[in-house]
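The values are calculated or read from the model by the stated rules, or taken from the named source; none is laboratory data. Here the structure is a predicted model, which means the values were calculated and not measured. In this analysis, Cβ positions are derived from the backbone assuming ideal geometry, glycine residues included, and neighbour counts consider all displayed protein chains. The accessibility values were calculated without ligands, DNA or RNA, using every heavy atom of the protein model including side chains. Shrake-Rupley method; radii C 1.70, N 1.55, O 1.52, S 1.80 Å.
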Protein chains: 2
Amino acid sequence: MTGAPRRLTATYRIRAGSGPSAEEIALAIAREQTLEVPAGVGGAALQARLLGRVESVRPIEGGHDAAISYDPELTGTGLPHILNVAYGNVSLMNGVRLVALDLPNALLDALPGPRFGIDGVRDIVSADAARPLVSVALKPVGLGVEALAALAATYARAGVDVIKDDHGLVDQPSAPFRERVAAVARAVAAAGDSGRRCAYFPNVTGPVDTLEERLATAQGHGCAGVLLCPALTGLDVMRSVAAGGRPLAIMAHPAHAQSAPGRREGIAPEVLFGTLYRAAGADVVVYVNARGRFSWPVETCEEINARLRGPLGRMRPAFPAPAGGVEADDAREWLERYGPDTMLLIGGSLLARDDVERATRALVEAARSVAPGAPAATSA
Amino acid sequence: MTGAPRRLTATYRIRAGSGPSAEEIALAIAREQTLEVPAGVGGAALQARLLGRVESVRPIEGGHDAAISYDPELTGTGLPHILNVAYGNVSLMNGVRLVALDLPNALLDALPGPRFGIDGVRDIVSADAARPLVSVALKPVGLGVEALAALAATYARAGVDVIKDDHGLVDQPSAPFRERVAAVARAVAAAGDSGRRCAYFPNVTGPVDTLEERLATAQGHGCAGVLLCPALTGLDVMRSVAAGGRPLAIMAHPAHAQSAPGRREGIAPEVLFGTLYRAAGADVVVYVNARGRFSWPVETCEEINARLRGPLGRMRPAFPAPAGGVEADDAREWLERYGPDTMLLIGGSLLARDDVERATRALVEAARSVAPGAPAATSA
């Protein structure tokens, strides 16, 4: 390395058809994402300064990877236009996928990153060592406030670290936000034993004009964190919550993120969940685990883990939270593979058991039996 | 029709591989998007009430279309969770595309829709008849405030209806937001002749905490509308602007919308731009025209047009604004095809001409020569 990069570099996987070559498409992307005018318009100096630069085009199986670098000035140092420069108009073009994103420090420094990070979230739940954490989801939507609070108490007694609202719980009449948060927070506080702290993260996702009040309500009831779905609210809304200074950790949920491995278009999951969600302030990033309901390959999960924990400017590392059909019985196996800097999120599979508390306790014990701080995954 | 639908119905195009059948995938989607727990959890009554209902699964070429209906209660009547129910977790699953969306009046009534609509935008620019409108883009990013203001004056003298900022113009040092809006608004007001009004729509897209100030600045300088990129800010941010009561029309730009015809995943353009952008409050919806830089088929454009103009609860129709490499010379042909309820958006092609004002005037005259109120497209 010859010093930190000064430009934003995006790598696009191009699947060219019978039309223009990959090199021609790369040049078109470099123009589309920046000046978006015919060659020469605006003058040579401006074109030289702000037109995207095609740094490389290299063949891969079934296509090409084109690295294009951009002047950070184009972004106005705001997150919406970081997204615009990296994947704005070309997101409307078939056969162009964003597969890598390198943000210069000038842009990373303008973004909050995780306020708590892995260590801060461990502090919240009084984790005594660099051990993996266990989180569970309050669900299903449609349960009333009392039933949800009773379920939360069960989970807290069983010793989970974090209880999150299902991302589908909003402000439905069956469990309105304010009543739900008050009742669940009270139940969790009453159920926890003294040596250990269980945290409740209510879902504050909702219309943007309700956000401040929901954050204040969560904070007022002693919650140490919240659940937020940045693809439903806009990624910059999460950034504004993280930058806003409230002492609330953020667990980001991927609903509506429109990202999955192997597609011809879109943002690759490791870029979206591993880099962008962390830069935008997520302390915990929920993603789809392998072998669950969605058939993501384990390599994608490991790439997300590596980016959430690896170097990113001066930002703290964030907890990966693999989820989505993780079976409680497999918890230990997953945590041994992913390492202790992992928060396993178990949703519905516990609820199908006859004795939810006992099943949850077994899950917690399995997770605690994983050696703390052992594997090398954290130094990725 | 036997009365207005009471449920939200989403239709998914399923490309099943060698695994589960389309019927099995449809049932999995109905569960994933709602209760997200194993069968039976929460009790039979709750499952019967809130589990998605597979209404039909019919074979199409290369796959199946599955219509699934949902209880509107799941959405909490907020736009973020309308997106979540229609295309939340399944957006992370390969081979599942959202191709149709029917919103019941209970949800449409909770959304603003266009505040001005086609008639209101015509009033803004004093259009004397049901004629097509012409809009142009101020660009490229990197030009200074004076150069942008001079270009805007040229366009205004040539008689365009709407001048919009390029969506890449934010608050860069080359043309900071406040100075740009002040100078361009002044130049446009000074250049317009008395019988005709040219409107300037500055780009207010940016970090969510800057939005109110930018809207106030635009309004303070007499702007009648703004440009906003809802995929960069979050769709609900546009909804909140439309519902906020400022007398500013909204032109929605598709940057980062990640939608295009023919994909296996994502939201079909006619659903996203035709239904959701309109419901969320866009008065004008910019989309990618056929034969431009992005190779969208004209049928997609016509479907977007039909949905922006057709019935949608009690909402006003919105102007379609085909754009993206439209050649000025083809303006008349496009407007004859799309009908008078169209705002043609010409970007860079005018700027490559030797005499921009003359080329723009020719464009305006070509558009004015299209018979007003003629084709039947408006009654789609």
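Entry remark, region B:171-207: residues being touching a Leu at 6+ places or on another chain (Cβ under 9 Å) and within 24 Å of A:Gly78 (Cα to Cα) number 15 in total. In region A:57-92, what residues are among the hydroxyl-bearing types (Ser, Thr, Tyr) and farther than 22 Å from A:Arg263 by Cα? Residues satisfying the conditions are A:Ser69, A:Tyr70, A:Thr75, A:Thr77.
Scanning region A:69-106 for residues that are touching a residue at least 12 places away in the same chain (Cβ under 8 Å), farther than 15 Å from A:Glu32 by Cα, at the interface with chain B (Cβ under 9 Å from one of its Cβ atoms) and not charged (D, E, K, R) returns A:Thr77, A:Gly78, A:Leu79, A:Pro80. Select from region A:200-235 the residues that are hydrophobic (A, V, I, L, M, F, W, C) and within 18 Å of A:Arg115 (Cα to Cα) and list them in ascending order. Listed by number, the residues that qualify are A:Phe201, A:Val204, A:Leu215, A:Ala216, A:Ala218, A:Cys223, A:Ala224, A:Val226, A:Leu227, A:Leu228, A:Cys229, A:Leu235.
So that you can scan it fast, the table gives a plain yes or no per residue for (1) at pLDDT 95 or above; (2) touching a Ser or Thr at 6+ places or on another chain (Cβ under 9 Å); (3) buried (at least 16 other Cβ atoms within 10 Å of the Cβ):
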| residue | (1), (2), (3) |
| --- | --- |
| B:Arg7 | yes, yes, yes |
| B:Ala16 | no, no, yes |
| B:Ala39 | no, no, no |
| B:Ile68 | yes, yes, yes |
| B:Leu74 | yes, yes, yes |
| B:Ala110 | yes, yes, yes |
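Of the candidates B:Ala190, B:Ala147, the single residue that is within 11 Å of chain A (Cβ to nearest Cβ) and surrounded by fewer than 21 Cβ atoms within 10 Å (Cβ to Cβ) is B:Ala147. Within region A:193-234, the set of residues being assigned to a helix (DSSP H, G or I), within 14 Å of chain B (Cβ to nearest Cβ) and open to solvent by less than 50 Å² (accessible area, probe 1.4 Å) comprises A:Val208, A:Thr210, A:Leu211, A:Arg214, A:Leu215, A:Pro230, A:Ala231, A:Leu232, A:Thr233. Of all residues in region A:236-262, those satisfying the criterion of being assigned to a helix (DSSP H, G or I), buried (at least 24 other Cβ atoms within 10 Å of the Cβ) and touching a residue at least 60 places away in the same chain (Cβ under 8 Å) are A:Asp236, A:Arg239, A:Ala242. For A:Ile29, are the conditions met, namely being buried (at least 20 other Cβ atoms within 10 Å of the Cβ) and either touching a Leu at 6+ places or on another chain (Cβ under 8 Å) or of a type in the set (Lys, Arg) (or both)? When the stated conditions are applied, A:Ile29 does not pass them. Each residue in region B:47-66 was checked for being under 19 Å from A:Leu148 (Cβ atoms) and at pLDDT 95 or above, and 2 of them qualify.
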